[in-house]
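The values are calculated or read from the model by the stated rules, or taken from the named source; none is laboratory data. Source: prediction; values computed, not measured. Every residue, glycine as well, gets a Cβ built from its backbone with ideal geometry; the counts of neighbours run over all protein chains shown. Accessible surface areas use protein heavy atoms only, side chains included; no ligands, DNA or RNA. Shrake-Rupley method; radii C 1.70, N 1.55, O 1.52, S 1.80 Å.
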Amino acid sequence: MASAAGGGGRGSVGRRLGASVAVNFFVLVVVGVAGIIGTTRAHDSVDYLAKQVEPAATVNADALQELTDAETYVWGYGISGEQSLLDKYVAARTRFRENRARLERLRSLDPQLGLLVDDFLLSAQNWFAAYADPRTAGPVGLGTFDALRFDRAQVLFADVRTTNAAVSERVRELSTAAERSSNDLERSLVIMLVGVLVAGAAGSLFVARRSGQQVTEPLGALEETAQRLARGDHAARAPVTGPREVVQVASAINRMADENDRARAVESRVVDQLRALDAVKSDFVSNVSHELRTPLTSILGYLELLEEELVGRTADTEQDMLRAAKRNVLRLGELIEDLLALTRSESQGTELKELDLASLTRDLVTDLRVASSQQGVEIRLGVPAAPVPVMADAGQIARVVTNLVSNAVKFSQGASEVAVSVVRDGDDAVLTVEDHGIGIPSEELDQLGSRFYRASNAVHLGITGTGLGLRIVQAIVENHHGSVDLRSVQGVGTTVWVRLPVLQPDESHRADAADSTDPAEVG
Ligand SMILES: Nc1ncnc2c1ncn2[C@@H]1O[C@H](COP(=O)(O)OP(=O)(O)OP(=O)(O)O)[C@@H](O)[C@H]1O
Ligand SMILES: [Mg+2]
C-alpha cells in the first residue's frame, strides 16, 4: 500500500489558490501604478501646453500689435503733428516695454526660442532708436516727410515683423511637439497597460491552470480508484499524491479498501465453514434416509406377505389395522424420498440437458390422470405441439411438475377440474397449474415454502402431506435459474407459475456439443 507521505509535501489546495490570487494581485498593483504614473505625465504635458506654450504665443502677438500701433501713431504724428497721436505712440511704446519683461521670460521655455526673442527685441530696439524716437523728437508736419528716412523705417519694421514671425513659428513648433509627445505618451501608456494586463492575465491563467491540474489530476485518480473498487477490482489503490486534502482522502480510501479485504477474507472463511457444516448436515440426512429405506422396504414386504397369508382368516378390524400399518409405512417412505430429493436439490449439482418442457408435461399429466380420476378430478392439459426447449435436469423438472399437479389434485377437495399448461412467453417457458380447490389462507402465504410447513385449512381437513413438496419445487427451480409464483384465495383456488429460461437456438448448438462431451453442471 502507498504511504501517506509519498509526494504529499506539495502544499494544500488553499496554498495553491493563494498563489493564483497573489499573481492576480501583483498584476493589479503593476497596472495601477503604471496607470497613475502615465496619467500624471500626460497631465504634466497638457499643463505645459496650457500654462506656458499657449501664453507665449499671446505675448508675442501682443508685442507685435503694440509695435504696429506705435508705427501707425509715429507715422501719423510725423505727418500731422497732432499731440493726441504722439500720446497714443507713447502709450503703445509703454505697453511694449511692459510686454518686454513677459517676452524675456519665454527664454526659459526653450534656448532657441530665447535667441529668437532676443532677435525680435533687438530689431524692435533698432526701429525705436533709428526711426521712431528720433522722428518724435524732431520737427513734425507735412513738410518734414523724408522719403529716404521713410524707406529705411520700412526696412527696419519689416525686420521687426520677420523676427516676430520667427518667434511665432518657434512657439508653434513647441506647441506641436508638446502635443505630439502628449499623444505619444498616451499611446505608449495604453500599449503598456494592455501589455501588462495581457501578461498578467496569461500569468494568472497559467498559475490557475497549473494549480487546477495539480488538484484535478489526483482527484481524477481518486475517482478512477473508487470506480475500480466499485466494479469489484479489490486490488485497486489510490495514488497518495497531490495537495494535502487529496492525500488524506486517498489514504482514507486505501485504508477502507484494506479493511474491506480483511472483512472479505473473514467472510469467505465463515462461508467455507458454513458450507462444510451444511455438507455435514446434508450427508447426515441422506445417510439416515438411506439407512431407513432398507428396513422400511423390508417392513412393507412383510406387511404385504402377512396380508396375503391372512386373507380370509382375519377379522375386518385386523385387516384395517394391517392396511393402516401399510399406509403409514408408505407415507414414511414418501417422506424419506422427499427428504432425499430436497437434500439432493439443495446441495448437489444439477445435470442440465436440452429438454422439451411441453412433451415432458404431457407425459407426466398422462400418468397422473389415472390417480386424479380416482379422486374425481379431471386434468385439462394445454401444451403447444411445438417443443418448448429448456436446459434442465429431466428428473428434477419431472418432480416439479408432479409435485405441483399432485398438490392441485390433492387440494381440489370437491372441485372437478385442474388446468395444466405450458406456454412460451418471450425468453421464458411458463408452466401453469391452476385448481379451484380449498386455497390457502392469505395470512399464511408468506410461510409457504418453509420446510414442513402445511396450511391450517389443509391440516384441519386431514389432508395428508409432509410439507416438503413446495420447498423441493423452489430449490429445483432456483437451481435452473427460474422463478416460482403462487397466488391463492382461500375457498376459491390456487394458481402456481414456474418460469424457466427458454433455450436459445445458439445455446442449443452448444448444448449438443456439451452433451456429446461432458454435461454442464450448475451448483
Ligand atoms: N394447490 C394447493 N391448494 C391449496 N393449498 C396448497 C396447494 N399447494 C400447496 N398448498 C398448501 O401448502 C402446503 C405445502 O405444500 P407442500 O406441497 O409443500 O406440502 P404437502 O403437499 O402438504 O406435502 P408433500 O410434501 O407431500 O407435498 C400444503 O400443505 C397446503 O397447505
Ligand atoms: Mg405437496
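A compact table of results
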item: Selected residue (criterion: farthest from Leu339 (Cα to Cα)) from residues of the range 282-292 that are open to solvent by less than 80 Å² (accessible area, probe 1.4 Å) and modelled with pLDDT of 80 or more; result: Val288
item: Selection from the range 204-233 of residues that are open to solvent by 80 Å² or more (accessible area, probe 1.4 Å) and either among the small types (Gly, Ala, Ser) or part of a loop (DSSP other than H, G, I, E, B) (or both); result: Ala230, Arg231
item: Test set (1) more than 21 Å from Gln375 (Cβ to Cβ); (2) modelled with pLDDT of 95 or more - Val409 fails condition number; result: (1)
item: Restricting the range 455-474 to residues that are closer than 20 Å to Thr402 by Cα and not aliphatic (A, V, I, L, M), the residue that is farthest from ligand 2 (Cβ to nearest atom); result: Gln474
item: Flag if Arg152 is within 24 Å of Trp75 (Cβ to Cβ), basic (Lys, Arg), out of contact with any Lys or Arg (no Cβ under 9 Å at 6 or more places or on another chain) and in the same structural domain as Ser80 (by TED's automatic domain parsing); result: yes
item: Any hit, the range 321-336, residues being crowded, with 20+ Cβ neighbours inside 10 Å and either under 23 Å from Val484 (Cβ atoms) or at pLDDT 95 or above (or both); result: no
item: Close pairs (7 angstrom Cβ cut-off, 6 or more residues apart or separate chains): within 15 Å of Arg399 (Cα to Cα) in the range 458-471, near ligand 2 (Cβ under 8 Å from one of its atoms) and in a helix (DSSP H, G or I) anywhere; result: Gly469/Asn403; Gly469/Asn407
item: Per-region count, the range 424-449, residues under 17 Å from His460 (Cα atoms), within 9 Å of ligand 1 (Cβ to nearest atom) and charged (D, E, K, R); result: 1
item: Residues that are under 23 Å from Gly449 (Cα atoms) and away from ligand 2 (no atom under 16 Å from the Cβ), drawn from the range 398-430; result: Ala419, Ser421, Val422, Asp428, Ala429, Val430
item: Residue check for Thr163: exposed (fewer than 13 other Cβ atoms within 10 Å of the Cβ) and under 29 Å from Gln52 (Cα atoms); result: no
item: Count of the range 475-488 residues which are in a loop (DSSP other than H, G, I, E, B) and either crowded, with 20+ Cβ neighbours inside 10 Å or within 9 Å of ligand 2 (Cβ to nearest atom) (or both); result: 2
item: Residue among Leu340, Leu306 that alone is within 29 Å of Ser450 (Cα to Cα) and either open to solvent by less than 60 Å² (accessible area, probe 1.4 Å) or not hydroxyl-bearing (Ser, Thr, Tyr) (or both); result: Leu340
item: Residues satisfying the stated conditions in the range 404-423, i.e. open to solvent by less than 30 Å² (accessible area, probe 1.4 Å) and either farther than 18 Å from Gly382 by Cα or within 10 Å of ligand 1 (Cβ to nearest atom) (or both); result: Leu404, Val405, Ala408, Val409, Ser412, Ala415, Val418
item: Options Ile336, Ile379; residue that is within 15 Å of ligand 1 (Cβ to nearest atom), over 30 Å from Ser286 (Cα atoms) and of a type outside the set (S, T, N, Q); result: Ile379
item: Residues satisfying the stated conditions in the range 293-351, i.e. of a type outside the set (D, E, K, R), outside any helix (DSSP H, G or I) and out of contact with any Gly (no Cβ under 9 Å at 6 or more places or on another chain); result: Leu310, Val311, Gly312, Thr314, Ala315
item: Leading residue by the ranking (modelled with the lowest pLDDT) among those in the range 439-454 that are within 13 Å of ligand 2 (Cβ to nearest atom) and open to solvent by less than 50 Å² (accessible area, probe 1.4 Å); result: Gly449
item: Residue check, Asp110 in the same structural domain as Gly141 (by TED's automatic domain parsing), of a type outside the set (Val, Ile, Thr) and under 30 Å from Gly143 (Cβ atoms); result: no
item: Members of the range 369-378 found to be surrounded by fewer than 20 Cβ atoms within 10 Å (Cβ to Cβ), in contact (Cβ under 8 Å) with a residue 24 or more places away in the chain and of a type in the set (A, V, I, L, M, F, W, C), listed by number; result: Ala371
